[in-house]
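The values are calculated or read from the model by the stated rules, or taken from the named source; none is laboratory data. Just so it is clear, the model here is predicted, and its values are computed rather than measured. Here the Cβ positions follow ideal geometry from the backbone for every residue, glycine too, while neighbour counts run over all protein chains shown.
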Amino acid sequence: MAALVPVEPFDLAIFGATGDLALGKLLPSLFHRWCDGQIPANSRIIAVARDELDDAAFRQLVRKRYLEGYERDLDEDSTWHAFAERLVYVPLNATDRDSDWSLLKAAFGDSSRLRLFYLALPPSLYAPASENLAHHGLNSPGSRIVLEKPIGSNFHTAREINQRVGEVFGEDSIFRIDHYLGKESVQNLLILRFGNWLFEPIWNATGIDHVQITVAESVGAGKRAAYYDTAGALRDMVQNHLLQLMCLVAMEPPSDLEADTVRTEKLKVLQALRPIRADDISGKAVRARYASGAIKGEAVPGYEAELGQSSDTETFVAIKAEIDNWRWAGVPFYLRTGKRMSHRYSEIVIQFKPVPHDVVKADSGKIRPNRLIIRLQPDEAVRLMLMTKDPGPGGVRVRYVPLNLSYAETFEKNYPDAYERLLMAVIRGNLGLFMRRDEVEAAWRWTDQILQSWTDSQSPVLTYPAGTDGPAESALLLAKDNREWFDESRT
Ligand code: BG6
């Protein structure tokens with residue numbers, strides 16, 4: 001692995017520091033970067049939340065949560081103790097202008113130091129918290145703010161948040177997180193497409209039959225059920241992660257990899273998405289919720305039982321998306337995501353067109369179209385399915401086999417995870433891994449239309465047993481087009 005280059009010293013205030021995101025992801029990520037020597041020792045991490053804690057109690061909390069997720073002996077670990085020393089806790093209600101903001105002011109170093117605010121808060125608090133930062137003069141020149149997805153819950157709330165936060169921080173100081181953009185295998189999409197000549201000439205409606213993007217999870221809504229029930233799979237996953245993946249597959253070649261060059265190309269894809277209206281939603285989008293079932297032999301309750309009440313929220317979505325431009329005319333992008341599916345995996349499948357003429361005899365076997373499978377997680381890999389001759393005597397027999405680039409076998413395994421990379425990218429000011437305001441709003445416009453069409457057409461929320469790949473209607477969505485979801489066990 002390339003050497004890790006330390007970032008400049010910084011002061012980072014994490015709002016919502018006692019919440020799940022901060023304790024489960026952000027603080028462990030910072031600790032890991034600290035262990036690798038990427039964080040200068042004089043940096044400050046200021047934890048902000050409403051709970052009345054002191055530094056010692058907060059450090060204990062961080063330690064406890066870390067040990068729930070990672071095996072490591074922290075007591076004997078001097079690196080941990082040095083890291084914990086850098087954590088200070090400030091009790092503060094970020095939405096209350098009259099709270100004691102002087103404590104936060106005092107916790108920061110001088111204002112010339114790179115200053116970062118990470119709002120690990122519900123999106124409805126982004127605007128008031130930013131305004132309060134400005135009111136108390138904390139948004140010193142050059143300071144940056146990090147907002148977690150989802151930005152709002154629809155186009156209007158997203159626009160309002162963007163507008164109000166934008167009055168305090170310039171667009172180049174706003175880092176909107178979609179953690180999928182921080183994944184190693186997602187970043188590789190750009191290099192796979194634009195670092196190889198091989199694919200680009202046929203990366204269009206002439207060469208590609210269709211694209212499938214699946215983000216399947218085996219976990220349920222779990223502890224996040226209260227939030228999740230207000231969101232559902234479309235808002236929680238499609239509006240951001242799946243659309244971002246689709247953009248990286250579908251965008252035009254950028255002239256360079258500068259943040260705005262890439263973001264402008266992604267935006268064009270979002271703007272070209274064909275709206276799904278109420279009169280054709282039944283043929284283009286399926287929503288469903290998991291009922292009880294079993295995952296890897298273990299019985300699991302249904303979503304409503306987990307939530308403790310009945311619900312209309314979908315935990316599974318499958319959509320046939322169409323991009324109205326020259327490159328993609330007539331090439332569907334099938335998007336699918338769900339919780340409590342049979343297993344956890346994220347994958348992009350590019351299905352190429354069949355060869356124009358079959359040269360082998362029927363008894364030699366079937367020539368099948370090439371397929372590029374980009375496995376994002378787990379076991380990251382890029383597999384190109386090719387036709388080959390089965391070696392040996394006795395005439396021509398053909399076989400469909402993978403050219404297999406497995407990350408685990410090819411590269412050193414130990415690279416930073418998405419949040420580690422994103423946190424370092426914020427400090428470096430690398431906006432390319434974050435969503436621009438117009439991208440977020442364009443994505444909401446398209447998903448809002450789907451939600452509206454479901455409401456207008458009174459489409460039911462179907463059910464699927466936990467541990468399956470969604471309802472039968474999801475398979476029908478492709479079957480109508482004489483296609484099927486890719487299933488590795490069938491290749
Ligand atoms: C989050 C969603 O953004 O992504 C979660 O809010 C989901 O519901 C998670 O579980 C999936 O991320 P990953 O990295 O585990 O695929």
Long-range neighbours under 6 Å by Cβ, at least six apart or interchain, first residue in contact (Cβ under 8 Å) with a residue 60 or more places away in the chain and in a helix (DSSP H, G or I) within the stretch 427-454, second crowded, with 22+ Cβ neighbours inside 10 Å and among the basic types (Lys, Arg): 439/266
Condition met for residue 290 (aromatic (Phe, Trp, Tyr) and in contact with a helix residue (DSSP H, G or I) (Cβ under 6 Å, 6 or more places away or on another chain)): yes
Residue 69 on the phi < 0 side of the Ramachandran plot, at pLDDT below 95 and touching a strand residue (DSSP E or B) at 6+ places or on another chain (Cβ under 7 Å): no
Subset of the stretch 455-482 (residues that are of a type in the set (A, V, I, L, M, F, W, C) and touching a helix residue (DSSP H, G or I) at 6+ places or on another chain (Cβ under 8 Å)): 462, 477
Evaluation of residue 297 against (1) of a type in the set (Gly, Ala, Ser); (2) farther than 19 Å from residue 463 by Cα; (3) surrounded by fewer than 17 Cβ atoms within 10 Å (Cβ to Cβ); (4) at pLDDT 95 or above (one fails), failing number: (4)
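Taking the conditions exactly as written (of a type in the set (Ser, Thr, Tyr), under 28 Å from residue 311 (Cβ atoms) and crowded, with 17+ Cβ neighbours inside 10 Å), does residue 468 satisfy them or not?
Yes, satisfied.
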Residue within the stretch 398-420 that is modelled with pLDDT of 95 or more and part of a helix (DSSP H, G or I) present: yes
Yes/no for residue 317 being buried (at least 21 other Cβ atoms within 10 Å of the Cβ), at pLDDT 95 or above, among the β-branched types (Val, Ile, Thr) and in a helix (DSSP H, G or I): no
Sole residue being touching a helix residue (DSSP H, G or I) at 6+ places or on another chain (Cβ under 8 Å) and more than 16 Å from residue 427 (Cα to Cα), chosen from 50, 63: 63
Whichever residue in the stretch 348-380 is within 16 Å of the ligand (Cβ to nearest atom) and buried (at least 19 other Cβ atoms within 10 Å of the Cβ) and, among such residues, is nearest to residue 270 (Cα to Cα): 348
Some residue of the stretch 159-174 being closer than 30 Å to residue 450 by Cβ, within 16 Å of the ligand (Cβ to nearest atom) and not polar (S, T, N, Q): no
When residues of the stretch 179-219 are limited to those that are away from the ligand (no atom under 16 Å from the Cβ) and aromatic (Phe, Trp, Tyr), the one nearest to residue 422 (Cα to Cα): 194
